[in-house]
Amino acid sequence: DARLKTNIHTFSEEEALSKLLSMRGVTYEWHDEVTGTKRPEGTQYGFIAQELMTIFPENVTKDNLGYYQTPYGTYDALYVQSIKALNSKIESLEAENKELKEQIQTIYSLLKNTKSTNNPEDFTAQLSSSSN
């Protein structure tokens, strides 16, 4: 709830993507006879808290037994901003791809016309005029 938050800032999509790419997702199984905490059985998906300390030191804490922990929900906004950054890159590449396809089509048409006249100088002249 925004009414309960202060100092709200949108962080950069590129910064989010950079941090996300620094994270290493892992699979693991709990080995936790020490703490007495009931953990889920089987393969889990997540992160290693010690590795996240180098990227997000503010999100990694120690419990009362000295084990590192991080709240996974904290990273949801990072995922959203990273997806936005990737989407922007995709849109830019799609636009560039469309432009290149149009240029290829123009060159193809010019080559086709040049073949019919059998004069390479026509192609050079047409290419120069179509690229202006």
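Condition check ((1) surrounded by 10 or more Cβ atoms within 10 Å (Cβ to Cβ); (2) in contact with a strand residue (DSSP E or B) (Cβ under 9 Å, 6 or more places away or on another chain)) across all residues:
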position: GLU29; (1), (2): yes, yes
position: ASP32; (1), (2): yes, no
position: THR37; (1), (2): yes, no
position: GLU41; (1), (2): no, no
position: TYR67; (1), (2): yes, no
position: ALA77; (1), (2): yes, no
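Within region 46-63, how many residues are touching a Ser or Thr at 6+ places or on another chain (Cβ under 6 Å) and of a type outside the set (S, T, N, Q)? Write out each step before concluding.
Keep residues of region 46-63 that are touching a Ser or Thr at 6+ places or on another chain (Cβ under 6 Å), which gives 49, 52, 55, 59-60.
Next, only the ones that are of a type outside the set (S, T, N, Q) stay: 49, 52, 55, 60.
The number of residues fulfilling the criteria is 4.
Taking the condition of being out of contact with any helix residue (DSSP H, G or I) (no Cβ under 7 Å at 6 or more places or on another chain), in contact (Cβ under 8 Å) with a residue 12 or more places away in the chain and more than 19 Å from ALA77 (Cβ to Cβ), how many residues in region 4-40 meet it?
Residues flagged as out of contact with any helix residue (DSSP H, G or I) (no Cβ under 7 Å at 6 or more places or on another chain), in contact (Cβ under 8 Å) with a residue 12 or more places away in the chain and more than 19 Å from ALA77 (Cβ to Cβ) within region 4-40 amount to 7.
If you take the residues in region 3-27 that are of a type in the set (Lys, Arg) and under 15 Å from LEU52 (Cα atoms), which one is surrounded by the most Cβ atoms within 10 Å (Cβ to Cβ)?
Of all residues in region 3-27, those of a type in the set (Lys, Arg) come to 3, 5, 19, 24.
With the extra rule that they be under 15 Å from LEU52 (Cα atoms), the set shrinks to 19, 24.
On the way: LYS19: 17, ARG24: 10.
That would be LYS19.
Scan (1) out of contact with any Ser or Thr (no Cβ under 8 Å at 6 or more places or on another chain); (2) modelled with pLDDT of 90 or more for the single condition THR106 breaks and write down its number.
(1)
Quick one: in region 3-33, which of the residues that are farther than 25 Å from ALA85 by Cα and not in a loop (DSSP other than H, G, I, E, B) is modelled with the lowest pLDDT?
Only one residue tops the list, namely LEU4.
Please name all residue pairs, on different chains or six or more residues apart, with Cβ atoms under 9 Å, provided the first residue is in region 51-64 and is in contact (Cβ under 8 Å) with a residue 60 or more places away in the chain and the second residue is exposed (fewer than 10 other Cβ atoms within 10 Å of the Cβ) and part of a helix (DSSP H, G or I).
none
The values are calculated or read from the model by the stated rules, or taken from the named source; none is laboratory data. Predicted, not measured: the structure shown is a model, and the values here were computed from it. We place every Cβ from the backbone using ideal geometry, glycine too, and count neighbours over all the protein chains shown.
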